[in-house]
Amino acid sequence: DKLRFPNKQKAALKNELAILQSIRHQGVVNVERMFETPDRIFVVMEKLRGDMLEMILSSERGKLSERVTKFLINQILVALRYLHSKNIVHCDLKPENVLLSDNSDFPQVKLCDFGFARIIGEKSFRKSVVGTPAYLAPEVLRNKGYNRSLDMWSVGVVTYVSLSGTFPFNEDEDINDQITNAGFMYPANLWKEITQDAIDLISNLLQVNKRKRLTVEKSMEHIWLQDYQVWCDLRELEARLGVRFLTHESDDDRWNSLRPPHASTHCNPSRNRHNGAGGGGDRKAADKDSPPETNNNTSSNGAIPSVTVAVAANNKQS
């Protein structure tokens, strides 16, 4: 309803539609149709089942396993690589804006909500305030110039949230101060079972100095994401979708040569995943490689408030 839209919301919607209509990628939500009347704007997007925040909150342990997180983050990075190649910076990356194709353990990811997105050249900067404070990089909060590295900071926060079920800061204290000073910690009760490689990736993304922050390409090359099992998971998703966009055939021989000794066979994307992990199975199956833990959703140490599920629901297409 145009009459109920503040001018800023109208501008954001027009910005989002302009960007979405200019791109097409498996990792970005697709606008199927848009039409306008004197009073209303109608936007029809592809139907998706949920988002990453809901997946985290509904999981048995209130967080996702490293295997599932790697699977999702890999897809996010592939989508960002495409966007950045088009000089598009999302500027509001967070779990609510990472839509999922279904409620399986290993769903396809599609980025949505481009209302804050900006066109920023490789060597250009912007200063307008954008995004959601909890996921914003220090340079935005300081009103300094930002570029595509803003998205990479957000990837670091999303990864932290996915693995721990909490934000990387204490919500009872000044968030802006913690972010601008990178006052983040990895409490033992939440991180003792997480590999050092995962923490290393997050730490290299949550760099206050944007020049030291990992790029999309460097993040994808990080040892934590160079994982044979996750490569197999991505190949199986590609087989289900009937399109190859997350991996490249030139890497097949390299990955098969890196097959761990305990793996009984080479990765075969045509085979059905066991325990429902590839279809509509129970998400508990994806966490079977991790021991049970207490649900940390209500922790006072930066926990994700369950009330944000209502926000996430607004981003889904019905």
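Among all residues of the stretch 171-182, there is none that is under 25 Å from residue 71 (Cβ atoms) and among the β-branched types (Val, Ile, Thr).
For every residue, the table says whether it meets (1) surrounded by fewer than 23 Cβ atoms within 10 Å (Cβ to Cβ); (2) without any contact (Cβ under 8 Å) to a residue 24 or more places away in the chain; (3) assigned to a loop (DSSP other than H, G, I, E, B); (4) not aliphatic (A, V, I, L, M).
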| site | (1), (2), (3), (4) |
| --- | --- |
| 107 | no, no, yes, yes |
| 130 | yes, no, yes, no |
| 144 | yes, yes, yes, yes |
| 152 | no, no, no, no |
| 163 | no, no, no, no |
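If you go through the stretch 233-242 one residue at a time, do you hit one that is among the aliphatic types (A, V, I, L, M) and assigned to a loop (DSSP other than H, G, I, E, B)? Taking every residue of the stretch 233-242 in turn, none turns out to be among the aliphatic types (A, V, I, L, M) and assigned to a loop (DSSP other than H, G, I, E, B).
Those strands (runs of 3 or more DSSP E) of the stretch 1-102 in which 1 or more residues are within 30 Å of residue 221 (Cβ to Cβ) and either out of contact with any Gly (no Cβ under 6 Å at 6 or more places or on another chain) or modelled with pLDDT under 95 (or both) occupy 98-100. If you go through the stretch 38-71 one residue at a time, how many are of a type in the set (A, V, I, L, M, F, W, C), in contact with a strand residue (DSSP E or B) (Cβ under 9 Å, 6 or more places away or on another chain) and farther than 22 Å from residue 115 by Cβ? Residues in the stretch 38-71 being of a type in the set (A, V, I, L, M, F, W, C), in contact with a strand residue (DSSP E or B) (Cβ under 9 Å, 6 or more places away or on another chain) and farther than 22 Å from residue 115 by Cβ: 2 in total. Answer with yes or no whether residue 304 is β-branched (Val, Ile, Thr), assigned by TED's automatic domain parsing to the domain that holds residue 170 and modelled with pLDDT under 50. Taking the combined requirement at face value, the residue satisfies it. Against the condition surrounded by fewer than 16 Cβ atoms within 10 Å (Cβ to Cβ), over 19 Å from the mean Cα position of the chain (by Cα) and within 20 Å of residue 105 (Cβ to Cβ), how does residue 36 come out, does it pass? Judged against the criteria, residue 36 is not a match.
The values are calculated or read from the model by the stated rules, or taken from the named source; none is laboratory data. What you see is a predicted model, and the numbers here were worked out from it, not measured in a lab. Note that each Cβ is placed from the backbone with ideal geometry, even for glycine, and that neighbours are counted across all protein chains shown.
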